[in-house]
Amino acid sequence: MVKICCIGAGYVGGPTMAVIALKCPSIEVAVVDISVSRINAWNSDQLPIYEPGLDDVVKQCRGKNLFFSTEVEKHVSEADIVFVSVNTPTKTRGLGAGKAADLTYWESAARMIADVKGINFQILSNPEFLAEGTAIPDLFNPDRVLIGGRETPEGQKAIEALKDVYSHWVPEERILCTNLWSAELSKLAANAFLAQRISSVNAMSALCEATGADVTEVSYAVGKDTRIGPKFLNASVGFGGSCFQKDILNLVYICECNGLPEVAEYWKQVIKINDYQKSRFVNRIVSSMFNTVSNKKVAILGFAFKKDTGDTRETPAIDVCKGLLGDNARVSIYDPQVTEDQIQRDLTMNKFDWDHPLHLQPMSPTAVKQVSVVWDAYTATKDAHGVCILTEWDEFKTLDYQRIYDNMQKPAFIFDGRNIVNVDKLREIGFIVYSIGKPLDAWLKDMPAVA
Ligand code: ADP
């Protein structure tokens, strides 16, 4: 029986290993982590991450050929294949701070493996491409699996061993084998291309607002070109998640280190537009509401960086809330999957500190007093002057907006950062609506230009 050990029981390691265990009953999979609370959660009914379909997969395999444990060394020493899926945050200090990947956790895992297994092993690069919110279907039916290894007989043998694991359910032609640098750069390039599409359509959204075009019509027309395709062309308040920004910053750093400042500058712009989009959104809110939100209640619907996940890493909601708090607003936040603790931690943490393990972070940051976290959309919006939709949760499409309107201060504003509401219907009810990249309300047109 082949034994696999995965170091790091996070968003990547957990779901990936659960699916490997499900699809390969002949393989024993142990997922290990230094965080006791995380491992306890994986062994309980309340998994540490929310991912549709994950509970089911874990229930089917846990205790049979899928185990979660804190006995890191034991499982590593027994394993034939070791996956390392620990966090690689952006460096916050020293050489490459704010850009380069911090390999501290990766290095400590590698040193530990060398200690318990000796140095006789091959290193492969097997980047993941799963999208949070759809991780399980993505893993069941991946567009491709990428395995990079050395071009030596031992390297090729290692590639084959890993290929055998994925071949249990992934068609042969979707398993791509490359050299190490190709695999590493493909991962960064894929995320950079995806993020670049979002920044491109978001850049267009600003021009649409200025000219009277409708970004939904523009992106539909653009996406009909089969060379471009329709996916990933929705304008929004900006992209988030643990990967896009981190991978682009890393790409930028690698370009700079290789003497390619023009290439670095090109990719940096993708992040700049994303930051611009978030601050443009905040400026639009403040300028619409008579240029001040001081002491006004603003409801925030959605805090996760996308729907169907409780993950808040790099979510645009953090920047939008911080922007509103900076203007002295009172914000009332509702998200179906994010806890108050997490929100308070996110709003008190410094940029780039989020990806350092929780057990190393101060556990009781001073709560932000102007923030309240509530458990339904109607409480969040009661007596509010404005509502911001920051995550595209399905339930926000079917709220009783008449009821929300009746319980709000007037004029009642809605700022839709995900373009999910029916603008005409809301205007009929009486809302002043801002929807990204759409023709502006007469009201908004009269307000001072947004920087
Ligand atoms: P990702 O989204 O990449 O999966 P996460 O932060 O969700 O990232 O998960 C990374 C996990 O790796 C964390 O649970 C962390 O505790 C764990 N980890 C970090 N360093 C080590 C290590 N040296 N040994 C075991 N687990 C580690």
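Some notes on this structure:
- Among the residues of the stretch 9-18, the ones that are crowded, with 24+ Cβ neighbours inside 10 Å and outside any loop (DSSP other than H, G, I, E, B) come to 4 in all.
- All of (1) within 11 Å of the ligand (Cβ to nearest atom); (2) within 22 Å of Asn191 (Cβ to Cβ) hold for Asn141 with one exception: (1).
- Annotation for the stretch 139-148: no member residue is closer than 23 Å to Ser77 by Cβ and crowded, with 19+ Cβ neighbours inside 10 Å.
- Complete set of residues in the stretch 1-52 that are among the hydroxyl-bearing types (Ser, Thr, Tyr), near the ligand (Cβ under 10 Å from one of its atoms) and more than 17 Å from Asn126 (Cβ to Cβ): Ser35, Ser37
- Considering the stretch 57-91, and only residues there that are touching a helix residue (DSSP H, G or I) at 6+ places or on another chain (Cβ under 8 Å) and assigned to a helix (DSSP H, G or I), the residue that is farthest from Gly310 (Cα to Cα) turns out to be Ser77.
- Scope the stretch 89-106; condition within 15 Å of the ligand (Cβ to nearest atom), surrounded by fewer than 20 Cβ atoms within 10 Å (Cβ to Cβ) and of a type in the set (Val, Ile, Thr); matching residues: Thr104
- Subset of the stretch 1-47 [without any contact (Cβ under 8 Å) to a residue 40 or more places away in the chain and in contact with an Asp or Glu (Cβ under 7 Å, 6 or more places away or on another chain)]: Met1, Ile39, Leu47
- Here the stretch 74-83 is the region considered, the condition is being touching a residue at least 60 places away in the same chain (Cβ under 8 Å) and surrounded by fewer than 19 Cβ atoms within 10 Å (Cβ to Cβ), and the residue that is farthest from the ligand (Cβ to nearest atom) is Asp80.
Rundown of residues vs (1) closer than 25 Å to Lys307 by Cβ; (2) aromatic (Phe, Trp, Tyr); (3) crowded, with 17+ Cβ neighbours inside 10 Å, yes/no style:
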{"position": "Val368", "(1), (2), (3)": "yes, no, no"}
{"position": "Val373", "(1), (2), (3)": "yes, no, yes"}
{"position": "Ala380", "(1), (2), (3)": "yes, no, yes"}
{"position": "Leu390", "(1), (2), (3)": "yes, no, yes"}
{"position": "Tyr401", "(1), (2), (3)": "yes, yes, yes"}
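- Scanning the stretch 107-129 for residues that are more than 10 Å from the ligand (Cβ to nearest atom) and assigned to a loop (DSSP other than H, G, I, E, B) yields a total of 10.
- Qualifying residue in the stretch 23-42 (condition: over 20 Å from Pro137 (Cα atoms), touching a Lys or Arg at 6+ places or on another chain (Cβ under 7 Å), of a type in the set (A, V, I, L, M) and in a loop (DSSP other than H, G, I, E, B)): no
- Number of the exception - Gly417 against (1) in contact with a Leu (Cβ under 6 Å, 6 or more places away or on another chain); (2) under 16 Å from Ala213 (Cα atoms): (2)
- Members of the stretch 53-73 that are within 12 Å of the ligand (Cβ to nearest atom) and either on the phi > 0 side of the Ramachandran plot or buried (at least 18 other Cβ atoms within 10 Å of the Cβ) (or both): Phe68, Val72
- Per-region count, the stretch 400-440, residues free of Cβ contacts under 8 Å to residues at least 24 places away in the same chain and either touching a helix residue (DSSP H, G or I) at 6+ places or on another chain (Cβ under 7 Å) or not assigned by TED's automatic domain parsing to the domain that holds Ser332 (or both): 2
- Here Phe352 meets the list (1) among the aromatic types (Phe, Trp, Tyr); (2) in a loop (DSSP other than H, G, I, E, B); (3) at pLDDT 95 or above almost entirely, failing just condition (3).
- Failed item in (1) under 20 Å from Leu390 (Cβ atoms); (2) within 16 Å of the ligand (Cβ to nearest atom); (3) assigned to a helix (DSSP H, G or I), with Ser242 passing the rest: (3)
- Ile147 being of a type in the set (Val, Ile, Thr) and either modelled with pLDDT under 95 or outside any helix (DSSP H, G or I) (or both): yes
- From the options Ser279, Ser236, Ser288, Ser199, residue that is on the phi < 0 side of the Ramachandran plot and touching a strand residue (DSSP E or B) at 6+ places or on another chain (Cβ under 8 Å): Ser288
The values are calculated or read from the model by the stated rules, or taken from the named source; none is laboratory data. Since the model is a prediction, treat every value here as computed from it, not as a measurement. Cβ atoms come from the backbone with ideal geometry, glycine included; neighbour counts cover every protein chain shown.
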